[in-house]
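The next block holds one structure in the form of structure tokens; read it before the comments.
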Ligand SMILES: [Zn+2]
């Protein structure tokens, strides 16, 4: 067909639409662009009168998970358990999930991620500014939890008070640690301390969960009869550390204590059917746990907490 007044560009476009036309690269209508992998940046739900927002402050792939999560495990067992759970054994994905809780009277941030830029961006994605944070709670003092406290030499959260475990703070005060000296020590006069069972504020209670670090703590949230536990680094993999709580984890400072604490706290969550958020679990890091064999089974939350 001969078309009068057609430009060369239009002719090319027309040709590209024909089944046997030669391929032409860079044509806008040839298909949508690739956008790259993406995940949601936050997950918010109601817990009684609280609003709980899990923030994805970072994620990364790590190599050789056997050398992190299965120190005392026969490699064949590690492979068998992983394959049964549809997991590769050559690498694993880590997530970093601080949680912000609005109690109605206070905005409380639990842990601060790897750095100030990361936590600030994660808060912004969820609709919060760092100046709005009233209280920062630190579950323990590893770098991926305290990294966002300071922006260079200025506190990231200008209006915040800080709460952490007394045992944890004492330990790091006595141990040489770059991250502690940079991020926590400058805030010392704004920190108040809790022990097991101590209250951060109404409905937020510390739960001793030592082993990962000497004073590692989880926090139980409770509002209008609804409960949720922030377990922090009590168990860092949803299969390897839940199904096999005794598998030794490289980052647990006291491996026997960490295993005993996993059994105790996960047992309590299973018995009481309380949901939890795990700091390094696959985002949104929210689920339940049930007993299974000699260990536990992770049950990811679906819509249970969307109906509050
Ligand atoms: Zn951690």
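Bear in mind these aren't lab numbers, they're just calculated from the coordinates by the rules spelled out. This structure is a prediction, so every number in the text was calculated from the model and none was measured. Glycine also receives a Cβ, built like all others from the backbone with ideal geometry; neighbour counts cover every protein chain displayed.
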>> If neighbour count is taken as other Cβ atoms inside 10 Å, put 244, 216, 171, 145 in order from fewest to most.
In response: 171, 244, 145, 216
> Which FRET efficiency, nearest 0.05, do residue 83 and residue 105 yield, Cβ-Cβ r, R0 51 Å?
Replying inline: 0.55
> By count of other Cβ within 10 Å, fewest leading, how are 283, 251 ordered?
Replying inline: 251, 283
> Using 1/(1 + (r/R0)^6) with R0 = 30 angstrom and r between the beta carbons of residue 246 and residue 195, what's the FRET efficiency to the nearest 0.05?
Replying inline: 0.65
> When the chain is modelled as a GNM with alpha-carbon springs shorter than 10 Å, which of 178, 51, 290 fluctuates the most?
Replying inline: 178
> Could you work out Rg/(2.2 N^0.38 Å) for the chain, with Rg from alpha carbons only?
Replying inline: 1.23
>> Taking every DSSP beta bridge with both residues inside segment 41-307, roughly what % is antiparallel (nearest 5)?
In response: 75
> Highest GNM mean-square fluctuation, the chain, Cα pairs closer than 10 Å: which of 49, 225, 70?
Replying inline: 225
>> As an exercise, use a Förster radius of 45 Å and the Cβ-Cβ distance of residue 268 and residue 154 to find the FRET efficiency, rounded to the nearest 0.05.
In response: 0.70
> Put a dot 7 Å past each Cα toward the Cβ at residue 291 and residue 188; how far apart are the dots in nm?
Replying inline: 4.5
>> Under 8 Å for C-alpha pairs, at least 6 residues apart: give me the relative contact order for segment 82-150, rounded to a whole percent.
In response: 34
>> Using Cα-Cα distances under 8 Å and only pairs 6 or more residues apart, what relative contact order does the chain have, in percent?
In response: 16
>> Just to be sure I understand: with springs between alpha-carbon atoms less than 10 Å apart, which residue in 233, 252, 189 has the highest mean-square fluctuation in the Gaussian network model of the chain?
In response: 189
